[in-house]
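Comments concern the structure below.
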Amino acid sequence: MKTAYQQEELIDVLEAVETTDLMDLVVFNDDVNTFDHVIDTLIRVCRHTPEQAEQCTLLVHFKGKCAVKNGSFDFLKPMREAICEAGIDARIL
């Protein structure tokens, strides 16, 4: 049963929302690099486990590309540069 003077209490809730622009470091397939070279590069540069690196390399081979790491642009930039220096096509998207 409702009373004649029923009130609604509004409560403002403040949420701390951290906005970060997460980017993807994407490696693209080519006809030059071997599986072993790409796997070794991902282990060295992105600190992937051998299993992660192998899975990413298979995705690159069969799908044409794979997001191998995500994070801020500043976090991904040195990794992209190292991957490209190894002769592998990589972009931050």
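Can Thr34 be described as at pLDDT 95 or above, loosely packed, with under 12 Cβ neighbours inside 10 Å and β-branched (Val, Ile, Thr)?
Here the answer is yes, as Thr34 does meet what is asked.
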- Quick check: anything in segment 41-59 within 10 Å of Val26 (Cβ to Cβ), charged (D, E, K, R) and out of contact with any Asp or Glu (no Cβ under 8 Å at 6 or more places or on another chain)? no
- Considering only segment 82-93, how many residues are exposed (fewer than 14 other Cβ atoms within 10 Å of the Cβ) and more than 19 Å from Thr34 (Cα to Cα)? 1
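The values are calculated or read from the model by the stated rules, or taken from the named source; none is laboratory data. Being a predicted model, the structure only gives us computed values, none of them experimental. Cβ atoms come from the backbone with ideal geometry, glycine included; neighbour counts cover every protein chain shown.
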